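Right, one structure below, let's go through it.
The values are calculated or read from the model by the stated rules, or taken from the named source; none is laboratory data. Here the structure is a predicted model, which means the values were calculated and not measured. We place every Cβ from the backbone using ideal geometry, glycine too, and count neighbours over all the protein chains shown. Side chains included, ligands, DNA and RNA excluded: accessible areas come from the protein's heavy atoms. Shrake-Rupley method; radii C 1.70, N 1.55, O 1.52, S 1.80 Å.
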Amino acid sequence: MRTQVAIIGGGPSGLLLSQLLHKKGIDSVVLERKTRDYVLGRIRAGILEQGFVDLMHEAGVGERMDRESFVHDGTVVSYGDEEFGINFKDLTGTSVVVYGQTEVTRDLYDAREAMDGKIVFNTENVQIHEADSDAPYVTYTVDGSEHRIDCDFVAGCDGFHGVSRQTIPLTVRREYEKVYPFGWLGILSETPPVHDELIYAGSERGFALCSMRNDNLSRYYIQCSLSDSPEDWTDAAFWQELKRRIPAHYAENLVTGPSIEKSIAPLRSFVTEPMRWGRLFLCGDAAHIVPPTGAKGLNTAASDIHYLYNGLVAHYHDGDDEGLDRYSEKALARIWKAERFSWWFTSLMHRFPDQSDFDLKMQQADIAFLRDNRAAQTVMAENYVGLPY
Ligand code: FAS
Ligand code: PHB
(Lines give C-alpha, C1' and ligand atoms only; values in the text may rest on other atoms or scores of the structure.)
(Ligands and ions follow the chains in the order given, each with its own letter.)
Protein backbone atom coordinates (compact mmCIF):
# COMPACT_ATOMS: atom_id res chain seq x y z
CA MET A 1 0.00 0.00 0.00
CA ARG A 2 1.09 3.60 -0.58
CA THR A 3 -0.28 6.83 0.87
CA GLN A 4 0.87 10.42 1.19
CA VAL A 5 0.63 10.62 5.01
CA ALA A 6 0.70 7.58 7.30
CA ILE A 7 -0.97 8.51 10.62
CA ILE A 8 -0.21 6.40 13.68
CA GLY A 9 -3.06 6.62 16.19
CA GLY A 10 -6.84 6.97 15.79
CA GLY A 11 -7.48 9.34 18.69
CA PRO A 12 -8.60 12.96 18.22
CA SER A 13 -5.18 14.09 16.86
CA GLY A 14 -4.90 11.43 14.18
CA LEU A 15 -8.53 11.57 13.12
CA LEU A 16 -8.64 15.37 12.94
CA LEU A 17 -5.48 15.44 10.82
CA SER A 18 -6.80 12.73 8.51
CA GLN A 19 -10.13 14.52 8.05
CA LEU A 20 -8.52 17.93 7.42
CA LEU A 21 -6.09 16.45 4.87
CA HIS A 22 -8.93 14.65 3.12
CA LYS A 23 -10.76 17.95 2.67
CA LYS A 24 -7.68 19.19 0.78
CA GLY A 25 -7.35 16.09 -1.37
CA ILE A 26 -4.37 14.70 0.53
CA ASP A 27 -4.46 10.95 1.10
CA SER A 28 -3.78 9.36 4.51
CA VAL A 29 -4.13 6.04 6.29
CA VAL A 30 -4.82 5.86 10.06
CA LEU A 31 -3.41 2.92 12.02
CA GLU A 32 -5.19 2.38 15.38
CA ARG A 33 -4.07 -0.20 17.94
CA LYS A 34 -7.54 -0.64 19.46
CA THR A 35 -11.11 -0.79 18.18
CA ARG A 36 -13.35 2.22 17.54
CA ASP A 37 -15.53 1.31 20.54
CA TYR A 38 -12.49 1.03 22.82
CA VAL A 39 -11.24 4.46 21.76
CA LEU A 40 -14.72 5.96 22.27
CA GLY A 41 -14.97 4.31 25.69
CA ARG A 42 -12.12 6.40 27.10
CA ILE A 43 -13.54 9.38 29.06
CA ARG A 44 -11.15 12.31 28.83
CA ALA A 45 -11.31 15.99 27.99
CA GLY A 46 -14.36 18.20 28.19
CA ILE A 47 -13.35 21.77 27.29
CA LEU A 48 -12.63 23.01 23.72
CA GLU A 49 -10.87 26.27 22.92
CA GLN A 50 -12.30 28.35 20.05
CA GLY A 51 -9.29 27.30 17.95
CA PHE A 52 -10.34 23.66 18.27
CA VAL A 53 -13.94 24.54 17.40
CA ASP A 54 -12.72 26.39 14.29
CA LEU A 55 -10.66 23.37 13.20
CA MET A 56 -13.69 21.07 13.61
CA HIS A 57 -15.69 23.45 11.36
CA GLU A 58 -12.82 23.53 8.83
CA ALA A 59 -12.84 19.72 8.88
CA GLY A 60 -16.57 19.76 8.16
CA VAL A 61 -17.51 18.00 11.40
CA GLY A 62 -18.89 20.85 13.52
CA GLU A 63 -22.64 20.37 13.02
CA ARG A 64 -23.47 18.13 16.04
CA MET A 65 -20.95 20.02 18.19
CA ASP A 66 -22.73 23.32 17.40
CA ARG A 67 -26.08 21.71 18.23
CA GLU A 68 -25.19 19.86 21.43
CA SER A 69 -22.33 21.78 23.05
CA PHE A 70 -22.53 24.43 25.76
CA VAL A 71 -20.78 27.79 25.48
CA HIS A 72 -19.24 28.87 28.79
CA ASP A 73 -18.35 32.52 29.30
CA GLY A 74 -16.54 31.87 32.59
CA THR A 75 -15.81 29.59 35.50
CA VAL A 76 -16.05 29.55 39.29
CA VAL A 77 -12.92 29.26 41.43
CA SER A 78 -13.38 28.44 45.10
CA TYR A 79 -11.31 27.83 48.20
CA GLY A 80 -13.23 26.27 51.08
CA ASP A 81 -16.52 28.18 51.22
CA GLU A 82 -15.12 31.25 49.50
CA GLU A 83 -15.74 31.57 45.73
CA PHE A 84 -15.37 34.01 42.87
CA GLY A 85 -15.98 34.03 39.14
CA ILE A 86 -13.54 34.51 36.28
CA ASN A 87 -15.47 35.99 33.35
CA PHE A 88 -13.55 34.90 30.23
CA LYS A 89 -15.91 36.76 27.87
CA ASP A 90 -15.63 40.05 29.74
CA LEU A 91 -11.85 39.78 30.16
CA THR A 92 -10.84 38.40 26.73
CA GLY A 93 -13.90 38.66 24.45
CA THR A 94 -13.75 34.87 24.05
CA SER A 95 -15.57 31.88 25.56
CA VAL A 96 -14.90 28.13 25.70
CA VAL A 97 -17.07 25.27 24.51
CA VAL A 98 -18.10 22.27 26.65
CA TYR A 99 -18.18 19.18 24.40
CA GLY A 100 -16.61 15.89 25.46
CA GLN A 101 -13.58 14.42 23.72
CA THR A 102 -15.63 11.26 23.27
CA GLU A 103 -18.13 13.18 21.12
CA VAL A 104 -15.34 14.93 19.16
CA THR A 105 -13.79 11.54 18.40
CA ARG A 106 -17.18 10.03 17.50
CA ASP A 107 -17.91 12.87 15.06
CA LEU A 108 -14.48 12.43 13.45
CA TYR A 109 -14.87 8.65 13.13
CA ASP A 110 -18.33 9.10 11.58
CA ALA A 111 -16.96 11.61 9.06
CA ARG A 112 -13.95 9.48 8.11
CA GLU A 113 -16.10 6.42 7.63
CA ALA A 114 -18.73 8.35 5.66
CA MET A 115 -15.95 9.47 3.28
CA ASP A 116 -14.38 6.01 3.04
CA GLY A 117 -11.37 7.16 5.04
CA LYS A 118 -8.78 4.41 5.46
CA ILE A 119 -8.63 3.46 9.16
CA VAL A 120 -7.04 0.13 10.14
CA PHE A 121 -8.06 -1.08 13.61
CA ASN A 122 -6.37 -3.63 15.88
CA THR A 123 -2.95 -2.97 14.39
CA GLU A 124 -0.05 -4.57 16.20
CA ASN A 125 3.72 -4.11 16.14
CA VAL A 126 3.59 -0.82 14.28
CA GLN A 127 7.09 0.23 13.30
CA ILE A 128 8.27 3.38 11.54
CA HIS A 129 11.19 2.85 9.16
CA GLU A 130 13.57 5.26 7.37
CA ALA A 131 11.88 8.28 8.97
CA ASP A 132 15.07 10.29 8.36
CA SER A 133 15.08 9.47 4.64
CA ASP A 134 13.01 10.63 1.65
CA ALA A 135 11.24 7.25 1.53
CA PRO A 136 9.82 6.42 4.95
CA TYR A 137 7.55 3.45 5.42
CA VAL A 138 5.50 1.85 8.18
CA THR A 139 5.04 -1.86 8.90
CA TYR A 140 2.38 -3.45 11.09
CA THR A 141 0.47 -6.67 11.57
CA VAL A 142 -3.24 -7.32 11.71
CA ASP A 143 -4.56 -10.80 12.57
CA GLY A 144 -1.04 -12.14 12.14
CA SER A 145 -0.61 -10.77 8.60
CA GLU A 146 2.29 -8.42 7.91
CA HIS A 147 1.61 -5.16 6.08
CA ARG A 148 3.72 -2.28 4.74
CA ILE A 149 2.70 1.29 3.90
CA ASP A 150 5.09 3.40 1.82
CA CYS A 151 4.47 7.11 2.38
CA ASP A 152 5.82 10.64 2.04
CA PHE A 153 5.35 11.56 5.71
CA VAL A 154 4.47 9.91 9.04
CA ALA A 155 2.32 11.70 11.67
CA GLY A 156 2.92 10.24 15.14
CA CYS A 157 -0.48 10.74 16.82
CA ASP A 158 -0.23 7.66 19.04
CA GLY A 159 -0.30 9.24 22.46
CA PHE A 160 2.09 9.10 25.40
CA HIS A 161 2.59 5.33 25.27
CA GLY A 162 2.86 5.08 21.50
CA VAL A 163 5.73 4.03 19.25
CA SER A 164 6.35 7.31 17.40
CA ARG A 165 8.29 9.26 20.03
CA GLN A 166 10.44 6.18 20.69
CA THR A 167 11.39 6.12 17.00
CA ILE A 168 13.36 9.34 17.40
CA PRO A 169 16.87 8.38 18.61
CA LEU A 170 17.77 9.35 22.19
CA THR A 171 20.77 11.17 20.73
CA VAL A 172 18.29 13.47 18.95
CA ARG A 173 15.42 13.60 21.45
CA ARG A 174 15.43 15.61 24.70
CA GLU A 175 12.65 15.06 27.24
CA TYR A 176 11.40 17.30 30.04
CA GLU A 177 9.16 15.89 32.78
CA LYS A 178 7.54 16.75 36.09
CA VAL A 179 5.44 14.09 37.85
CA TYR A 180 2.92 15.37 40.41
CA PRO A 181 2.52 13.56 43.77
CA PHE A 182 -1.21 12.96 43.29
CA GLY A 183 -3.78 11.88 40.73
CA TRP A 184 -7.35 12.74 39.73
CA LEU A 185 -10.14 10.32 40.55
CA GLY A 186 -12.87 11.06 38.02
CA ILE A 187 -16.44 9.85 37.76
CA LEU A 188 -19.16 10.26 35.17
CA SER A 189 -22.74 10.30 36.49
CA GLU A 190 -26.13 10.64 34.80
CA THR A 191 -27.06 13.53 37.08
CA PRO A 192 -27.64 17.24 36.41
CA PRO A 193 -24.53 19.41 36.84
CA VAL A 194 -24.24 21.08 40.26
CA HIS A 195 -23.79 24.48 38.57
CA ASP A 196 -24.11 25.95 35.09
CA GLU A 197 -20.37 26.68 34.96
CA LEU A 198 -17.34 24.61 35.99
CA ILE A 199 -16.15 24.88 39.59
CA TYR A 200 -12.40 24.60 40.24
CA ALA A 201 -12.33 24.02 44.01
CA GLY A 202 -9.31 24.19 46.27
CA SER A 203 -9.62 23.18 49.92
CA GLU A 204 -7.58 22.06 52.92
CA ARG A 205 -8.53 18.51 51.90
CA GLY A 206 -7.38 18.84 48.31
CA PHE A 207 -8.64 19.82 44.87
CA ALA A 208 -11.99 19.05 43.26
CA LEU A 209 -13.49 19.90 39.87
CA CYS A 210 -17.18 19.99 38.97
CA SER A 211 -17.65 19.69 35.20
CA MET A 212 -20.28 18.36 32.83
CA ARG A 213 -21.06 16.88 29.42
CA ASN A 214 -24.77 17.84 29.08
CA ASP A 215 -27.85 18.70 31.18
CA ASN A 216 -27.94 15.19 32.62
CA LEU A 217 -24.37 13.99 32.43
CA SER A 218 -21.87 15.34 34.95
CA ARG A 219 -18.12 14.85 35.26
CA TYR A 220 -16.53 15.24 38.69
CA TYR A 221 -12.93 14.87 39.87
CA ILE A 222 -11.22 14.86 43.25
CA GLN A 223 -7.48 14.95 43.86
CA CYS A 224 -6.44 11.56 45.21
CA SER A 225 -3.35 9.71 46.35
CA LEU A 226 -1.21 7.97 43.74
CA SER A 227 -1.59 4.81 45.83
CA ASP A 228 -5.39 4.88 45.35
CA SER A 229 -7.22 2.74 42.84
CA PRO A 230 -10.81 3.34 41.64
CA GLU A 231 -11.92 0.23 43.56
CA ASP A 232 -10.85 1.92 46.81
CA TRP A 233 -13.61 4.49 46.35
CA THR A 234 -17.29 3.60 46.64
CA ASP A 235 -19.62 6.08 44.99
CA ALA A 236 -20.82 7.14 48.44
CA ALA A 237 -17.26 7.85 49.58
CA PHE A 238 -16.59 9.85 46.42
CA TRP A 239 -19.70 12.01 46.82
CA GLN A 240 -18.99 12.59 50.51
CA GLU A 241 -15.42 13.75 49.78
CA LEU A 242 -16.49 15.94 46.87
CA LYS A 243 -19.06 17.68 49.10
CA ARG A 244 -16.33 18.43 51.65
CA ARG A 245 -14.19 20.19 49.04
CA ILE A 246 -16.75 22.50 47.37
CA PRO A 247 -18.63 25.49 48.87
CA ALA A 248 -21.47 24.37 51.15
CA HIS A 249 -24.32 25.80 49.05
CA TYR A 250 -23.21 23.71 46.06
CA ALA A 251 -22.70 20.63 48.26
CA GLU A 252 -26.23 20.97 49.65
CA ASN A 253 -27.70 21.00 46.13
CA LEU A 254 -25.44 18.34 44.62
CA VAL A 255 -27.49 15.61 42.92
CA THR A 256 -25.63 12.34 43.38
CA GLY A 257 -26.14 9.07 41.55
CA PRO A 258 -24.35 5.88 40.47
CA SER A 259 -21.07 6.36 38.63
CA ILE A 260 -21.17 5.07 35.04
CA GLU A 261 -17.41 5.49 34.73
CA LYS A 262 -14.73 5.76 37.41
CA SER A 263 -11.01 6.12 36.71
CA ILE A 264 -7.81 7.63 38.06
CA ALA A 265 -5.49 9.71 35.87
CA PRO A 266 -1.93 10.36 37.01
CA LEU A 267 -0.74 13.96 36.55
CA ARG A 268 2.44 14.86 34.76
CA SER A 269 3.96 17.68 32.71
CA PHE A 270 5.99 16.33 29.81
CA VAL A 271 7.51 17.66 26.59
CA THR A 272 9.80 16.03 24.06
CA GLU A 273 11.95 18.12 21.71
CA PRO A 274 12.16 18.24 18.75
CA MET A 275 8.70 17.25 17.51
CA ARG A 276 10.06 16.42 14.06
CA TRP A 277 12.71 13.96 12.91
CA GLY A 278 13.13 13.77 9.14
CA ARG A 279 9.68 12.94 7.77
CA LEU A 280 8.20 11.94 11.15
CA PHE A 281 6.11 14.59 12.92
CA LEU A 282 4.87 14.10 16.51
CA CYS A 283 1.44 15.53 17.45
CA GLY A 284 -0.58 15.71 20.67
CA ASP A 285 0.10 13.40 23.58
CA ALA A 286 2.82 11.63 21.58
CA ALA A 287 4.92 14.76 22.14
CA HIS A 288 3.56 16.42 25.29
CA ILE A 289 1.38 15.92 28.33
CA VAL A 290 -0.13 18.46 30.71
CA PRO A 291 -1.93 18.00 34.04
CA PRO A 292 -5.65 18.34 33.04
CA THR A 293 -6.22 21.28 35.43
CA GLY A 294 -5.98 23.86 32.64
CA ALA A 295 -7.93 21.77 30.09
CA LYS A 296 -5.00 22.07 27.67
CA GLY A 297 -4.29 18.44 26.69
CA LEU A 298 -6.72 18.10 23.83
CA ASN A 299 -6.38 21.78 22.93
CA THR A 300 -2.60 21.66 22.44
CA ALA A 301 -3.11 18.55 20.29
CA ALA A 302 -5.36 20.75 18.13
CA SER A 303 -2.75 23.47 17.61
CA ASP A 304 -0.16 20.84 16.65
CA ILE A 305 -2.58 19.53 14.04
CA HIS A 306 -3.24 23.07 12.80
CA TYR A 307 0.50 23.66 12.20
CA LEU A 308 1.14 20.25 10.62
CA TYR A 309 -1.98 20.31 8.42
CA ASN A 310 -1.15 23.75 7.03
CA GLY A 311 2.49 22.72 6.51
CA LEU A 312 1.45 19.63 4.56
CA VAL A 313 -1.06 21.55 2.43
CA ALA A 314 1.61 24.14 1.54
CA HIS A 315 4.00 21.30 0.67
CA TYR A 316 1.59 19.45 -1.62
CA HIS A 317 -0.24 22.41 -3.12
CA ASP A 318 2.56 25.01 -3.42
CA GLY A 319 5.82 23.09 -3.03
CA ASP A 320 6.47 25.33 -0.02
CA ASP A 321 8.17 23.55 2.91
CA GLU A 322 8.52 26.45 5.34
CA GLY A 323 5.55 25.26 7.41
CA LEU A 324 6.99 21.76 7.76
CA ASP A 325 10.48 23.09 8.46
CA ARG A 326 9.15 25.37 11.22
CA TYR A 327 6.58 22.88 12.59
CA SER A 328 8.52 21.87 15.69
CA GLU A 329 9.55 25.45 16.54
CA LYS A 330 6.00 26.82 16.17
CA ALA A 331 4.26 23.94 17.95
CA LEU A 332 6.70 24.00 20.88
CA ALA A 333 6.40 27.77 21.31
CA ARG A 334 2.66 27.39 22.02
CA ILE A 335 3.04 24.10 23.93
CA TRP A 336 5.50 25.50 26.49
CA LYS A 337 3.08 28.34 27.30
CA ALA A 338 0.31 25.78 27.84
CA GLU A 339 2.67 23.70 29.98
CA ARG A 340 3.40 26.74 32.14
CA PHE A 341 -0.26 27.62 32.56
CA SER A 342 -1.20 24.02 33.42
CA TRP A 343 1.66 23.77 35.93
CA TRP A 344 0.71 27.14 37.49
CA PHE A 345 -3.01 26.31 37.82
CA THR A 346 -2.20 22.84 39.20
CA SER A 347 0.25 24.32 41.73
CA LEU A 348 -2.33 26.93 42.74
CA MET A 349 -5.26 24.60 43.33
CA HIS A 350 -3.86 21.34 44.72
CA ARG A 351 -2.59 20.34 48.19
CA PHE A 352 0.98 19.00 48.00
CA PRO A 353 2.05 16.36 50.55
CA ASP A 354 5.26 18.22 51.44
CA GLN A 355 3.59 21.63 51.65
CA SER A 356 4.69 23.64 54.71
CA ASP A 357 2.33 26.01 56.55
CA PHE A 358 4.17 28.86 54.85
CA ASP A 359 3.68 27.26 51.42
CA LEU A 360 -0.04 26.97 52.18
CA LYS A 361 -0.17 30.67 53.09
CA MET A 362 1.57 31.55 49.81
CA GLN A 363 -0.98 29.45 47.90
CA GLN A 364 -3.90 31.12 49.67
CA ALA A 365 -2.41 34.58 49.03
CA ASP A 366 -2.07 33.69 45.33
CA ILE A 367 -5.75 32.68 45.18
CA ALA A 368 -6.74 35.89 47.02
CA PHE A 369 -4.74 37.95 44.49
CA LEU A 370 -6.52 36.15 41.62
CA ARG A 371 -9.82 36.90 43.35
CA ASP A 372 -9.08 40.62 43.80
CA ASN A 373 -7.00 41.64 40.78
CA ARG A 374 -8.43 42.11 37.27
CA ALA A 375 -4.99 41.90 35.64
CA ALA A 376 -4.38 38.52 37.33
CA GLN A 377 -7.80 37.32 36.19
CA THR A 378 -7.07 38.51 32.63
CA VAL A 379 -3.82 36.53 32.54
CA MET A 380 -5.66 33.43 33.75
CA ALA A 381 -8.53 33.96 31.30
CA GLU A 382 -6.25 34.56 28.27
CA ASN A 383 -4.50 31.25 28.96
CA TYR A 384 -7.68 29.32 29.70
CA VAL A 385 -9.56 30.37 26.52
CA GLY A 386 -6.42 29.56 24.52
CA LEU A 387 -3.46 31.59 23.31
CA PRO A 388 -3.30 32.40 19.58
CA TYR A 389 -2.10 29.71 17.15
P1 FAS B 1 -4.67 9.86 22.45
O2 FAS B 1 -3.86 9.16 23.52
O3 FAS B 1 -6.05 10.32 22.76
O4 FAS B 1 -4.81 8.90 21.18
C5 FAS B 1 -3.71 8.11 20.75
C6 FAS B 1 -4.27 6.91 20.02
O7 FAS B 1 -3.17 6.15 19.50
C8 FAS B 1 -5.07 5.98 20.93
O9 FAS B 1 -6.33 5.71 20.37
C10 FAS B 1 -4.19 4.73 21.03
O11 FAS B 1 -4.97 3.55 21.13
C12 FAS B 1 -3.41 4.78 19.73
N13 FAS B 1 -2.10 4.12 19.79
C14 FAS B 1 -1.21 4.14 20.81
N15 FAS B 1 -0.12 3.43 20.47
C16 FAS B 1 -0.32 2.95 19.20
C17 FAS B 1 0.42 2.16 18.31
N18 FAS B 1 1.64 1.70 18.66
N19 FAS B 1 -0.11 1.86 17.11
C20 FAS B 1 -1.34 2.33 16.75
N21 FAS B 1 -2.11 3.10 17.56
C22 FAS B 1 -1.59 3.40 18.77
N23 FAS B 1 -7.22 16.51 28.54
C24 FAS B 1 -8.04 17.53 28.91
O25 FAS B 1 -7.98 18.60 28.29
N26 FAS B 1 -8.93 17.36 29.97
C27 FAS B 1 -9.04 16.18 30.66
O28 FAS B 1 -9.82 16.05 31.59
C29 FAS B 1 -8.20 15.10 30.30
N30 FAS B 1 -8.28 13.90 30.96
C31 FAS B 1 -7.43 12.87 30.59
C32 FAS B 1 -7.46 11.62 31.25
C33 FAS B 1 -6.58 10.58 30.88
C34 FAS B 1 -6.59 9.25 31.61
C35 FAS B 1 -5.64 10.80 29.84
C36 FAS B 1 -4.64 9.71 29.47
C37 FAS B 1 -5.60 12.03 29.19
C38 FAS B 1 -6.51 13.06 29.54
N39 FAS B 1 -6.51 14.29 28.87
C40 FAS B 1 -7.31 15.32 29.22
C41 FAS B 1 -5.63 14.52 27.78
C42 FAS B 1 -6.27 13.90 26.56
O43 FAS B 1 -7.52 14.50 26.33
C44 FAS B 1 -5.29 14.05 25.45
O45 FAS B 1 -4.80 15.38 25.37
C46 FAS B 1 -5.88 13.66 24.12
O47 FAS B 1 -6.38 12.36 24.24
C48 FAS B 1 -4.78 13.78 23.08
O49 FAS B 1 -5.21 13.16 21.94
P50 FAS B 1 -4.19 12.32 21.03
O51 FAS B 1 -2.95 13.10 20.84
O52 FAS B 1 -4.99 11.88 19.87
O53 FAS B 1 -3.76 11.06 21.94
C1 PHB C 1 -13.65 17.64 32.01
O2 PHB C 1 -14.81 18.04 31.87
O3 PHB C 1 -13.32 16.43 31.89
C4 PHB C 1 -12.58 18.63 32.38
C5 PHB C 1 -12.88 19.98 32.33
C6 PHB C 1 -11.89 20.91 32.66
C7 PHB C 1 -10.64 20.46 33.05
C8 PHB C 1 -10.34 19.10 33.09
C9 PHB C 1 -11.32 18.18 32.75
O10 PHB C 1 -9.69 21.38 33.40
Self-check item: Apportionment of accessible area to carbon and sulfur, the chain, percent (1.4 Å)
Solution: 49
Self-check item: With all protein chains modelled, accessible area of Lys178 [1.4 Å, Å²]
Solution: 90
Self-check item: If the convex hull is drawn through the Cα atoms of segment 147-275, its volume per residue in Å³
Solution: 182
Practice problem: Once you have the Cα-Cα distance between Asp325 and Arg174, take 0.36 nm times their residue separation minus that, and quote the gain in nm to one decimal. | Solution: 52.5 nm
Quiz item: If you take the square roots of the eigenvalues of the alpha-carbon gyration tensor of segment 112-188 and sort them as a ≥ b ≥ c, do you get rounded (a/c under 1.5), prolate (a/b over b/c) or oblate?
Solution: oblate
Self-check item: 3J(HN,Hα) from dihedral phi, segment 187-203, Karplus parametrisation 6.51/-1.76/1.60, rounded to Hz, x for glycine, proline
Solution: 10, 10, 9, 7, 9, x, x, 6, 8, 7, 10, 5, 10, 8, 10, x, 6
Practice problem: Using only Cα atoms, tell me the angle between helix 374-385 and the longest principal axis of the chain; keep it within 0 to 90° and round to the nearest 10. | Solution: 40
Quiz prompt | Length-normalised contact order of the chain in % [C-alpha pairs under 8 Å, at least 6 apart] | solution = 20
Practice problem: May I ask for the equivalent-ellipsoid semi-axes of segment 43-168, computed as the square root of five times each C-alpha gyration tensor eigenvalue and listed largest first in whole Å? | Solution: 39, 18, 15
Self-check item: Rounded tilt (10° steps) of 101-114 against the dominant C-alpha axis of the chain
Solution: 30
Quiz prompt | Alpha-carbon centroid distance for the pair segment 313-389 / segment 64-111, whole angstrom | solution = 17
Practice problem: Determine the principal axes of the Cα atoms in the chain, then give the extent along each, sorted from largest to smallest and rounded to whole angstroms. | Solution: 61, 40, 39
Self-check item: Packing rank of 96-104, 275-283, 256-264, where each peptide gets the mean count of other beta carbons within 10 Å, highest leading
Solution: 275-283, 96-104, 256-264
Quiz item: Percent relative contact order of segment 1-138, based on C-alpha pairs within less than 8 angstrom and at least six residues apart?
Solution: 31
Quiz item: P(r) for segment 1-60: what percent of alpha-carbon pairs falls in each 10 Å bin, starting at zero?
Solution: 20, 46, 31, 3
Quiz item: Hey, which of these cross-link pairs are over 22 Å Cα-Cα: Lys296/Lys330; Lys337/Lys361; Lys178/Lys296; Lys243/Lys337; Lys178/Lys337; Lys178/Lys243?
Solution: Lys337/Lys361; Lys243/Lys337; Lys178/Lys243
Practice problem: With just the Cα atoms of segment 250-389, tell me how far they stretch along each of the three principal axes, in Å, largest first. | Solution: 60, 40, 29
Exercise. Would you mind working out the accessible area per residue for the chain, using a 1.4 Å probe, and quoting it in Å²?
Key: 41
Exercise. On a 0 to 90° scale, report how tilted helix 12-23 is relative to the longest principal axis of the chain, with both axes built from alpha carbons and the result rounded to the nearest 10.
Key: 50
